[in-house]
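Values in this text are rule-based calculations from the coordinates and carry no lab data. Note that the coordinates shown come from a computational prediction; the quantities given were computed from them, not determined experimentally. Neighbour counts are summed over all protein chains in view; Cβ atoms, including those assigned to glycine, are modelled from backbone coordinates with ideal geometry.
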Amino acid sequence: MIDLRSDTVTKPSPAMREAMARAEVGDDIYGEDPTVNRLQDVGAALVGKRAALFVPSGTLGNQLCVRAQAEPGREVIVEGQGHIIRYEQGAAAALAGVQLHWITGRHGLMTAEQVEAAIRPTDPYSIQTALICIENTHNAGGGTIYPLATIQAIRAVASAHGLPMHLDGARLFNAVVASGVSAADYARHFETVTFCLSKGLGAPAGSLIATDDLALLERLRRFRRMYGGAMRQSGILAAAGLYALEHHVQRLAEDHAHAKRLAARLEQIPGVSINPAVVETNILFFEVHSPRLSAHAFVAALRQEGVLLNAVSPRSCRAVTHLDVSAQAIEQAADAIARVLA
Ligand SMILES: *Cc1c(COP(=O)(O)O)cnc(C)c1O
């Protein structure tokens, strides 16, 4: 099977498993897991922050950052198709007690003007804005990269209003590798940054939250415990994360090349509509125009040909490239798509 449903399907390689098996461990709630400590140091340095906290998932990372930086009854600004609003089971409302104020972005990207307009006035009637969240790359927007200038402009707005910013950088390193902007240059504009070690980086689980604010880090650590995300001999997972950061960051460029190649092949297939110019990283959306097949039926037929991808609406599909999909598999997937639509 060629699995293009998501980069979440990547499996730890034999070398990564070996690193996990060799990991020195301890009880991380006592701060005594040397591998977790090393991962946190390496991860923080990589994004130019003072410290980092290892968490089991990107969702938990986002939610701890929301909880620690926005009091219940406050408002958090997000983009309307973002992970925090769409894919976290309402946790910001259910667990942090905050209200999300969403902005409709272009391919998931908000402008500084939109953010400024969404910040509430400080009169006694208005709900108070507490936090601004940005997603880079933007998943549902199509793996889109925030231009650094846009982030800088939003930061200027946030600072003028005394508001902190959180970066949901689940795929931050896809943005880094594709744009040439360093992780630190993105991260310096945010109080908190999360990034996933799973997905394209290939670890089986785990994300890091990075920050310069050590008091905030201690709050995040308390909330991690409250939310059930404090682990013990998690060095086994941290070893996978360290291996991922060392070996799987630069190779994300291959996934981006594969996504562009797939887009170029799809553009040539009758019945597919795609704009290859909007494919910036490893995620691509395309539409299927067939008198016989809805996107869901197309995906079911494609499965018979050994290719998996997701239908996301009656006409559109999403494909995601990752380290378990080779250049040859991309050609085979495109051939299969052409056969199904022929
Ligand atoms: C995957 C993802 C997360 C984290 O999701 P988990 O399923 O908890 O790993 C957060 N934000 C974005 C944009 C994501 O794509």
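Odds and ends about this structure:
- In order along segment 333-342, phi translates into HN-Hα couplings of 5, 5, 4, 5, 4, 4, 4, 5, 8, 5 Hz, rounded to whole numbers, per the Karplus curve 6.51 cos²θ - 1.76 cosθ + 1.60 with θ = phi - 60° and x for Gly and Pro.
- The calculated 222 nm mean residue ellipticity attributable to helices in the chain amounts to -12000 deg cm²/dmol, summing -39500 (n - 2.57) over DSSP H runs of n ≥ 4 and dividing by all residues.
- Karplus-derived 3J(HN,Hα) values for segment 155-163, using 6.51 cos²θ - 1.76 cosθ + 1.60 with θ = phi - 60°, are 4, 4, 5, 4, 5, 4, 9, x, 9 Hz; glycine and proline are entered as x.
- Amide hydrogen neighbours beyond the local backbone of VAL307, cut-off 5 Å, H modeled: ILE2
- Gyration tensor (alpha-carbon) shape descriptor, segment 58-148, a/c threshold 1.5: oblate
- Estimated from the Cβ-Cβ distance and a Förster radius of 45 angstrom, the FRET efficiency linking THR111 and LEU214 is about 0.85.
- Cβ-Cβ FRET estimate between GLN332 and ILE29, R0 fixed at 30 Å, reported to 0.05: 0.05
- Linear extension gain, ALA93 paired with SER290, 0.36 nm per residue minus alpha-carbon span: 66.9 nm
- GNM on the chain, alpha-carbon springs under 10 angstrom: the most fluctuating residue among SER313, SER179, SER234 is SER313.
- Extended-chain gain in nm, criterion 0.36 nm per residue less alpha-carbon gap, ARG339 and ALA15: 113.0 nm
- Applying 1/(1 + (r/R0)^6) with R0 = 30 Å to the Cβ-Cβ distance of ILE127 and SER159 gives a FRET efficiency near 0.90.
- Summarising the label geometry, the points placed 7 Å from Cα in the beta-carbon direction at ARG251 and ASN310 lie 2.3 nm from one another.
- Rounded to the nearest Hz, the phi-derived 3J(HN,Hα) couplings of segment 311-324 under the Karplus curve 6.51 cos²θ - 1.76 cosθ + 1.60 (θ = phi - 60°) are 8, 10, 6, x, 10, 10, 10, 10, 10, 10, 8, 6, 5, 9, where x marks glycine and proline.
- This ranking places LYS49, LYS11 by how few other beta-carbon atoms lie within 10 Å of each, fewest first, which gives LYS11, LYS49.
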